[in-house]
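A short write-up of the structure that comes next.
The values are calculated or read from the model by the stated rules, or taken from the named source; none is laboratory data. Everything quoted here is computed from the prediction, not taken from an experiment. No Cβ is skipped: glycine too gets one built from the backbone with ideal geometry, and neighbour counts run over all protein chains shown. Just so you know, the surface numbers come from the protein's heavy atoms only, side chains and all, with ligands and any DNA or RNA stripped out. Shrake-Rupley method; radii C 1.70, N 1.55, O 1.52, S 1.80 Å.
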Amino acid sequence: MPSPPPHSSPVRILVVEDHDMVAEAICMALERSPDLRIVGRAATLAAALHDATRCEPDVVLMDRRLPDGDGVAAIADLLAIRPGVRVLILAGEGSGSVAARVAESGGAGLILKARGLRELEDAVRRVAAGEVVFSQDLLGDVLGQLTGRTPLVGANLTPREREALQLLGQGRTTADISDQLGVALNTGRNHVQRVLEKLGARSQLEAVTIARREGLLQ
């Protein structure tokens with residue numbers, strides 16, 4: 001798809017990425033284009049929320065995983081601080097579930113890092129022009145999930161099971177999880193087992209891996 005016509009003034013971009021080399025490469029690639037301007041760079045969600053007001057970006061290009069939290073979960077906060085800003089999530093890996101979360105949160109799209117800087121540059125222009133952009137290999141999955149044809153992974157977890165999953169993600173044992181939840185050991189085991197069954201995992205490690213991929217763990 002061709003890029004939309006450029007803005008009459010350069011698109012103002014806030015880059016939120018905690019890996020210096022990656023952030024530097026992104027900034028250098030985008031600043032080569034006269035219609036794109038980097039107005040700020042942040043390495044944490046807290047800094048991004050501050051800079052979204054100070055730098056007045058049109059587009060926030062934000063890594064999904066940051067030291068102080070999940071970039072997707074921060075979309076609503078950014079929109080509250082700067083209504084109308086376009087938030088484009090950049091991820092090392094993604095899934096239909098994560099992409100659907102981006103769309104449901106009001107984000108402008110999700111681009112995989114493996115797609116390269118040229119596609120990223122094009123995506124920034126397109127979201128600035130009002131489009132919603134997802135990497136091609138995620139598009140079918142996100143449409144299926146948003147229309148209800150494909151169920152969201154983990155959508156049927158109960159609140160207790162979600163708590164158990166978060167604790168599994170922290171490396172807790174079943175005994176630790178039972179203590180933390182204030183339940184008997186057998187009840188804790190049952191919670192963990194149902195988490196594995198609902199995620200289609202054969203082990204606790206696989207459950208954590210699936211949960212991270214699907215954006216179920218902060």
Filtered residue count, the range 95-117, keeping only those that are without any contact (Cβ under 8 Å) to a residue 60 or more places away in the chain, surrounded by fewer than 21 Cβ atoms within 10 Å (Cβ to Cβ) and not aliphatic (A, V, I, L, M): 5
Within 30 Å of L120 (Cβ to Cβ), modelled with pLDDT under 90 and out of contact with any Asp or Glu (no Cβ under 8 Å at 6 or more places or on another chain): is that true of L143 in this structure? yes
Which residues, taken from the range 78-93, are touching a helix residue (DSSP H, G or I) at 6+ places or on another chain (Cβ under 8 Å), open to solvent by 50 Å² or more (accessible area, probe 1.4 Å) and modelled with pLDDT under 95? I81, R82, G92, E93
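Does E197 satisfy the criteria of being assigned to a helix (DSSP H, G or I), out of contact with any Cys (no Cβ under 7 Å at 6 or more places or on another chain), within 25 Å of G69 (Cβ to Cβ) and not polar (S, T, N, Q)?
Against the criterion (assigned to a helix (DSSP H, G or I), out of contact with any Cys (no Cβ under 7 Å at 6 or more places or on another chain), within 25 Å of G69 (Cβ to Cβ) and not polar (S, T, N, Q)), E197 does not qualify.
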